[in-house]
Each structure stands twice: as structure tokens, then as C-alpha cells.
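**Student:** A single structure is presented below for examination.
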Amino acid sequence: SLPKAVYGSFNLPLEGERGTQISWSSDSADITIDGAQATVSDALNEVTKITLKATVTKNEAEHTRDIEITLLPSIITFTTDGEETADFTEGQHVTAGTLAGAELAEGEKLYIATYNADGVMLHIWAIDYGTRVDITADSGLAEIGVFVWNNMKPVAARSIRVKAAE
């Protein structure tokens, strides 16, 4: 069974029940399918519904089924001035974006938190997938963290540090 919503890359089954073979296709430019590997376009910047076509064959019999799936933009990336970054300088803006290579699971929630130099949390946002948060690095901000939580446990995280202005 396929997930209802995905971001990044995910696997497609090539074999079904009772020895059936499955091939996949889509006419959407937002996804590339190569055998069992499906990859969501890096250029995707909003939640997009697409239809995958599954063709199931066994011997001479063939059956085609359309499956709707939601593609989510790529959530734990940080960009400043349009370029991905691992750290940024005081006074710059940073945008937190989407984690590639994972699937959205039931019960997941995304949080972005900011911290001062002592590790004290300054602010936290609970956001939806596909939402971007623009943060300005002021003198009190030392780190930004993005966390995906599922049932009160972190399942993914990434953070970046703020460098002092020169």
C-alpha cells in the first residue's frame, strides 16, 4: 500500500499478490518514476495532488488502476538569499523549508524553534507541511531547529547555527 502523502523519494512495489507484476507511470512533471524508485521534483513548492497509474499484469491479463497521491514540497532545508545554507550570519533572513527523502506518516507534526546562545528556547512554531517560515537572525538568536514529531517522539531534525556579524 502506498502512503497518501510523500516528499522526496519513495519506493513503489513492483510485485503484487499472487505473482502479479506492477509497472508505474504518471503524466505529472512533478514526479519521476524509474522502476521502483519515485522521486518528487526539487522544484515543487506547494502541496500538489497527482495521479499514479499502476498497471498490474499476470500472464496475458492486464488491469490498470489510478491512484491519487499528494506530493509535499521538499521540510528540513534552510535557505538564505535563495541558496541552501548550513549556517548564516546575524542580520540575514533564513527560510526553513522541507525534508526530502521521507514519507509523511500518520500523526506527524512539524515544529520550528529558535534558541539563544545558552540553549534557551526563544520561540516555537507548529506548522503544516509545505509552510515556510522566514526568520531574521538578530543578536539574541544563536540557533534554529526544525523537528518532525510523531506521537510525541522526534522522527527527524536539523538545526543551523547563527554566526556573529563580522
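**Student:** Points 7 angstrom from Cα along the Cβ direction at residue 118 and residue 67: gap in nanometres?
**Tutor:** 5.2
**Student:** Leaving out ligands, DNA and RNA but keeping every protein chain, what accessible area does residue 83 have, in Å² rounded to the nearest 10, with a 1.4 Å probe?
**Tutor:** Roll a 1.4 Å probe over it and residue 83 shows about 120 Å².
**Student:** Then there's this: Just how much of residue 32 is accessible, in Å², when a 1.4 Å probe is used and the result is rounded to the nearest 10?
**Tutor:** Counting only protein heavy atoms, residue 32 exposes about 90 Å² to solvent.
**Student:** Run the 1.4 Å probe and let me know the accessible area of residue 125, rounded to the nearest 10 Å².
**Tutor:** 80
The values are calculated or read from the model by the stated rules, or taken from the named source; none is laboratory data. Not measured: the values here are computed from a predicted model. Here Cβ is always computed from backbone atoms with ideal geometry, including for glycine, and neighbour counts include all displayed protein chains. Heads up: the accessible areas ignore ligands, DNA and RNA and are worked out on the full protein's heavy atoms, side chains in. Shrake-Rupley method; radii C 1.70, N 1.55, O 1.52, S 1.80 Å.
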